[in-house]
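Written out below as structure tokens is the structure these notes cover.
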């Protein structure tokens, strides 16, 4: 398993060692010892989530406020997505910057998104099954987000506006500048 820190401190791309043979493949998707040694992350995953989405579905950009902040380890089981993490940590040198990475069932890459980030993804394939571990439980009263097409973030979602499917709730999210983010 290879862990590579992105241009944003604390975000890591994780690439497993995949063993192929005539039966198919095997890989270790998570190893606590390797993960903690290489990231120094102070997380303990407590919840696993999975979503199914069709092409063009954009989920995000979401975060949890205050003591309900969540670190996430995300991956794709089937299909292909563009995964995006936006640095919300006000004292960070990369505050307001984002990292994006294509995650797929083919490349088997994962992205570790620490607390203090907004997170979202868009499905680039016909469909995708997206899986993620969280280090804190979801709390509806603590949810927040940023509108996906915020001009100051300038995220290239890889699909045209007419191809994007987004929930009514996510269309009402505020800009980055007007977000209600509360540090953890």
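Tell me the residue from 96, 144 that is more than 24 Å from residue 55 (Cα to Cα), assigned to a strand (DSSP E or B), modelled with pLDDT of 95 or more and over 12 Å from the mean Cα position of the chain (by Cα), please.
144
Residue pairs, Cβ under 7 Å, 6 or more apart or interchain, first in the stretch 137-153 and on the phi > 0 side of the Ramachandran plot and in contact (Cβ under 8 Å) with a residue 40 or more places away in the chain, second in a loop (DSSP other than H, G, I, E, B) and surrounded by fewer than 18 Cβ atoms within 10 Å (Cβ to Cβ). List them.
Partner pairs satisfying both residue conditions: none exist.
Taking interchain pairs and intrachain pairs at least six residues apart, which have beta carbon atoms under 6 angstrom, with the first residue in the stretch 69-81 and under 7 Å from residue 129 (Cα atoms) and the second surrounded by fewer than 21 Cβ atoms within 10 Å (Cβ to Cβ)?
From the stretch 69-81, the pairs are 76/104; 76/105; 77/129; 77/131; 78/105; 78/129; 79/125; 79/127.
Here are 81, 43, 86: which of them is more than 14 Å from the chain's Cα centre (by Cα) and either buried (at least 19 other Cβ atoms within 10 Å of the Cβ) or outside any loop (DSSP other than H, G, I, E, B) (or both)?
Exactly one residue qualifies, and that residue is 43.
Check the stretch 52-59 and report whether any residue there is touching a residue at least 40 places away in the same chain (Cβ under 8 Å), loosely packed, with under 14 Cβ neighbours inside 10 Å, in contact with a strand residue (DSSP E or B) (Cβ under 7 Å, 6 or more places away or on another chain) and closer than 19 Å to residue 134 by Cα.
yes
Just to be sure before I move on: is residue 75 in contact with a helix residue (DSSP H, G or I) (Cβ under 8 Å, 6 or more places away or on another chain) and either crowded, with 17+ Cβ neighbours inside 10 Å or assigned to a strand (DSSP E or B) (or both) in the structure I sent?
Criteria not met by residue 75.
The values are calculated or read from the model by the stated rules, or taken from the named source; none is laboratory data. What you see is a predicted model, and the numbers here were worked out from it, not measured in a lab. Glycine gets a Cβ as well: all are built from the backbone with ideal geometry, and neighbour counts include every protein chain shown.
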